[in-house]
Every structure is written in C-alpha cells, then in structure tokens.
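**Student:** Below is the structure I would like to discuss, written out as structure tokens.
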Amino acid sequence: RECYFNGGHKMRLQRKLAQILLVFVLLLSVAVATSAAYVIPGLQVDLRQGSYIGQADLASGVYTWKGIQFATAPRFQAPGKMPKSSQVINAFTHGKSTSGATGGDIDCLNLAVYVNPIDTGKPKSVFMWVFGSSNMGGSPKESDWTNFVAANPDIIVVTPNHRGGLFGSIDLRQLPGYENYRNVKGYNPYDVSNNIARLDVFEALKWINGNIAAFGGNPKDVSIGGHSSGSNLCLAVMMMPESAPYWKRSLNQESFPL
C-alpha cells in the first residue's frame, strides 16, 4: 500500500506540472501572437540613474529602450542632472511628449535607443537624430529606427526629446523687473530661457557621452543631425564651443543654424 500511494502521488504531481507547463506555453503563444516585441531575459542596462530593461523586435531582433529620462526639466530653466538611482525600469514605451501643456513637465526629457545586437567586433558608431517640429516639441515616437539599425548593425541610433514652444524658447528677459530677480544663490536661473531647447539637445549629447558605452556604443564616434528644426537645434549646438568634445560629424536635413 505504501508503494502504491507513493507512486500515485508522483503521477498526480507529474500531471499537475504538465498542466502548469501547458498553460504557460499557451499564454506565451498568445503573448507572442499579439505583440510585435518580446522581453529578452536579462536585457538590462545598468546606468548611474537606474537600470533599464529593453525589448527585442520579433522581425529584426533589434533591441530598443524607450522612455529613458536623460535629464530633469525645471520649467524655463536649463536641464538638470538625473539623480543617482538603483531603480529598475521597464523601458518599453516612449516617455511624455514635450509639446503643448505637457512640454514643461519636469520629467519630459526622454530618449530612445536602437541597437542591433550583432557583434561587429568593436564598439558601434552612434547617430543622435533630432526630429523636426517647427520648434514646438514632440516625442521620439515620431520616428522608428528599427529597420535602419537592422540594416546597419555597426550603428546605434539615439533619438532624444527636447522642450518646445514657449517651454523651449521664450525670452523671459522681456518681463518688467526681470533684471532685478535673483534666486537664493544670487543669480537668475532664467537667463537661458530662450535657449532651453538647444540646451536640452546638448544635454542629450552629454548623456550619450557618459552612457552609450553600456549599450555597446563608442562615445568618441558620435554623429549628430536631424530634420528641419531638429537639424537647426543640432547646428546651433555645434556652434557652442563647449560641445566640440562630444560629437565628431553631422548629417543635417533642410535647415540652417540661425
């Protein structure tokens, strides 16, 4: 009787495990059938500001990280450094838009990273591309670089956001009494209000320099460019002497620097 009981218990346990496995397989099949991307176990990039988990495109195998916040955005002030964090974040969707009423949110400065995981034998070149918006802001979701990176495994593409409209370029120096305003540190933090969008793009460039190696990129081989107002912002950044160490070449479409 003892041998029969132990054998029967083992058989029931095996059937139960088989049922659990079947349910798991069915759920996985549904997830794959209804989603264009799947999460790669361990696809985690550890940065100073936190750890980000990316996704892989089913068709191409390209890895993407979306909605990575690269700076804080104190309203009408220069972008600020992200604080150090050990938080783990799913980087599956694009962050907030920077157009309209949401353009001034403190957490609106985000970017997307596209990486082909094929080993090219050396750190990959980097292309930072800024979308055009008539300087009204927008979102990195307006362009998808999956196919480009799939065809060019030696290039990583980073698409940053920037503040737009009044949040990106209003000149507060025109306000009465502006020249008399000072904060507790003795200076006016709004002195750069008419150059916010340019400083946002420059901050994204500095983020690339400090973090792109974690994605397999070469921080010393960075090209920058964009379309229309995005190109305009990149050309303006290129005119800043302090930006020279952060970029190597540029590819700009349909714009002018000033």
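The values are calculated or read from the model by the stated rules, or taken from the named source; none is laboratory data. Fair warning: this is a prediction, and the values are worked out from it, not measured in the lab. Counting neighbours? That spans all protein chains shown, and the Cβs are built from the backbone with ideal geometry, glycine included. These accessible areas exclude ligands, DNA and RNA; they are computed on the full protein's heavy atoms, side chains included. Shrake-Rupley method; radii C 1.70, N 1.55, O 1.52, S 1.80 Å.
**Student:** Once phi is turned into θ = phi - 60°, what whole-Hz ³J(HN,Hα) does the Karplus curve with 6.51, -1.76 and 1.60 give for every residue of segment 182-196, x standing for Gly and Pro?
**Tutor:** 9, 8, 5, 8, x, 9, 9, x, 9, 4, 10, 4, 7, 10, 4
**Student:** Still on this structure, please answer the following. Quick one: which residues, 5+ away or cross-chain, put their amide H under 5 Å from the amide H of Val130? H built at 1.01 Å from N.
**Tutor:** Correct list: Gly225, Gly226, His227.
**Student:** Take the residue pairs Lys141/Lys248; Lys81/Lys220; Lys66/Lys124; Lys66/Lys122; Lys185/Lys206; Lys185/Lys248 and return only those whose Cα atoms are more than 31 Å apart.
**Tutor:** Result: Lys185/Lys248 exceed 31 Å.
**Student:** If I model a spin label at Gln253 and Ala213 as a point 7 Å from the Cα along the Cα→Cβ vector, what separation in nanometres do I get?
**Tutor:** It works out to 3.2 nm between the two label points.
**Student:** Modelled label-to-label distance, Val192 and Lys84, 7 Å Cα→beta-carbon offset: nm?
**Tutor:** About 2.3 nm separates the two model spin labels.
**Student:** Ok, one more. Mind listing the long-range amide H neighbours of Met136? Cut-off is under 5 Å, sequence gap 5 or more, other chains count too, H placed in the peptide plane at 1.01 Å from N.
**Tutor:** Counting only residues 5 or more places away or on other chains, the set is Gly165.
**Student:** Further question: Roughly how much of Met239 is accessible, in Å² to the nearest 10, using a 1.4 Å probe?
**Tutor:** 110
**Student:** Shifting gears a bit: log₁₀ I(q)/I(0) of segment 81-192 at q = 0.12, 0.14, 0.16, 0.23 Å⁻¹, via Debye over equal Cα point scatterers, no solvent, to two decimals?
**Tutor:** -0.61, -0.76, -0.89, -1.24
**Student:** Could you tell me the accessible area of Ser143 in Å² (1.4 Å probe, neighbours in place), rounded to the nearest ten?
**Tutor:** Surface open to solvent at Ser143 totals about 20 Å².
**Student:** Name the residues of segment 197-234 whose amide N is less than 20 Å from a point 7 angstrom out from the Cα of Ser134 along the C-beta direction?
**Tutor:** The answer is 197-198, 226-234, whose backbone nitrogens lie closer than 20 Å to the label point.
**Student:** Also: Can you list the residues, at least 5 places off or on another chain, whose amide H is less than 5 Å from the amide H of Ile89, using H built in the peptide plane?
**Tutor:** Amide H neighbours of Ile89: Ser51, Tyr52, Ile53.
**Student:** Spelling out what I want: for every residue of segment 163-180, take phi, set θ = phi - 60°, compute 6.51 cos²θ - 1.76 cosθ + 1.60 (Karplus), and round to whole Hz; glycine and proline get x.
**Tutor:** 5, x, x, 4, 5, x, 7, 5, 9, 6, 5, 7, 6, x, x, 4, 5, 9
**Student:** How much accessible surface does Leu175 have with a 1.4 Å probe, in Å² rounded to 10?
**Tutor:** Ignoring ligands and nucleic acids, Leu175 comes out at about 100 Å².
**Student:** Quick check: the distance between the Cα centres of segment 152-170 and segment 218-237, to the nearest angstrom?
**Tutor:** After rounding, the separation between the Cα centres reads 9 Å.
**Student:** Can you give the FRET efficiency to the nearest 0.05 for Arg75 and Asn147, using r as the Cβ-Cβ distance and R₀ = 41 Å?
**Tutor:** According to the calculation, E is roughly 0.65.
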